[in-house]
Amino acid sequence: KITICFCRGTCLSLLNQFLDFSMKKESNPVKVYISYSRNDSEYKKELLEHLEELAERKDYLEIYHDGKLLPGQDWDIELRKNLGESQVVLFLLSPAFVNSKYANEVETRMAMDMNRRGEAIITPVLLMPTDFTSLPFNRFQAVPKDEGPVATSKNRERTWKQVIKELLPLFEYIHDGSIEIKRRQAETSRRDVSGWEKEISDAKKKLETGDIENAIGLLTIVSKATDPDIYRR
């Protein structure tokens, strides 16, 4: 009984992953990664509050930052993974950011490599007056353009709204496909479940009737052809 329950749970998990991907593929949210110095956590929080309305539309914007790390997760692996999956990288610029070893040696290098391959767009966000001419993304247009850095603004709320106003067209163009962001090569061979709807449907029916062995057999075939990671598990 324990073995059967475990197999059923495994089967349900695999089935849900395939169905979940099908739904996500239709919604296609814009994936945003926020890189910042821990010294600027207050500003990151303010930015998230202003992005909240967009982020609540799960089919539109998906935001990742280190505040989403779960207990026990390897933070370096998780940050690299989510940065690698992002389409827009926001660098929150301040003197502390310029002096951040991780932001410069890991996140900046990864983001620049992705940008060169057409996999991500880098946008600096000016938190404080900062000389970032030494950083490799110094040629990219920063926001806000005219309001000045957020910290020195006479009206901080208005400046944050201007930041969102300037970012919004970028999000819109990526979301509707006007700006094409290439997928990482590692992802292109995964999870293309088109053409396997019948097998997935049959697996669901077999699972519902208790035919665990044949349900797992079908999902094994689908996963081997579409998602090596699921197949290995």
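Among rounded, prolate and oblate, which fits the stretch 29-81 when a ≥ b ≥ c are the square roots of the eigenvalues of its C-alpha gyration tensor, a/c under 1.5 means rounded, and a/b larger than b/c means prolate? Kindly include the intermediate steps, with their values, before the conclusion.
Working: a/c = 2.17, a/b = 1.25, b/c = 1.74.
Note, shape of the stretch 29-81 comes out oblate.
Above 17 Å lies some portion of the pair distances; for the stretch 77-170, what is it as a whole percent of all C-alpha pairs? Mind dumping the intermediate values first?
Details: 2201 of 4371 pairs.
It works out to 50 percent of all Cα pairs.
With a point put 7 Å past each Cα toward its Cβ, work out how far residue 213 is from residue 116 in nm, to one decimal.
Modelled inter-label distance: 5.4 nm.
Check which residues have an amide H placed less than 5 Å from residue 121's amide H, if you skip close sequence neighbours.
When sequence neighbours closer than 5 places are left aside, the close amide H contacts are 88, 89.
Using a 7 Å offset from the Cα along the Cα-to-Cβ direction at both residue 183 and residue 220, what is the distance between the two label points in nm, to one decimal?
2.6
Rounding to the nearest 20 debye, state how big the charge dipole of the stretch 43-89 is about its Cα centre with +1 on each Lys and Arg Cβ and -1 on each Asp and Glu Cβ.
It works out to roughly 100 debye.
In whole Hz, what ³J(HN,Hα) sequence does the stretch 43-56 give by Karplus (6.51, -1.76, 1.60; θ = phi - 60°), x for Gly and Pro?
With the stated coefficients, the stretch 43-56 comes to 6, 4, 4, 5, 4, 4, 5, 7, 8, 4, 4, 6, 5, 5 Hz.
With every protein chain left in place, what is the accessible area of residue 204 in Å² (1.4 Å probe, nearest 10)?
The value for residue 204 is about 90 Å².
What spacing in nm lies between the two simple spin-label points modelled at residue 39 and residue 165, each 7 Å away from Cα in the Cβ direction?
Distance between the two pseudo-spin positions: 3.1 nm.
Ignoring ligands and nucleic acids, what accessible area does residue 80 show with a 1.4 Å probe (Å², nearest 10)?
Accessible area, nearest 10 Å²: 100 Å².
Summarise the long-distance tail of P(r) for the stretch 110-219 by giving the % of C-alpha pairs beyond 20 Å.
63
Mind checking the full-extension length gain between residue 146 and residue 176? Use 0.36 nm per residue of separation minus the Cα-Cα distance, one decimal, nm.
Working it through step by step, the gained length comes to 8.1 nm.
The values are calculated or read from the model by the stated rules, or taken from the named source; none is laboratory data. Bear in mind the structure is a predicted one, so any value in this text is a computation, not a measurement. Backbone-built Cβ (ideal geometry, glycine too); neighbour counts: all protein chains shown. Note: accessible area is taken over every heavy atom of the protein model, side chains too, but ligands, DNA and RNA are not part of it. Shrake-Rupley method; radii C 1.70, N 1.55, O 1.52, S 1.80 Å.
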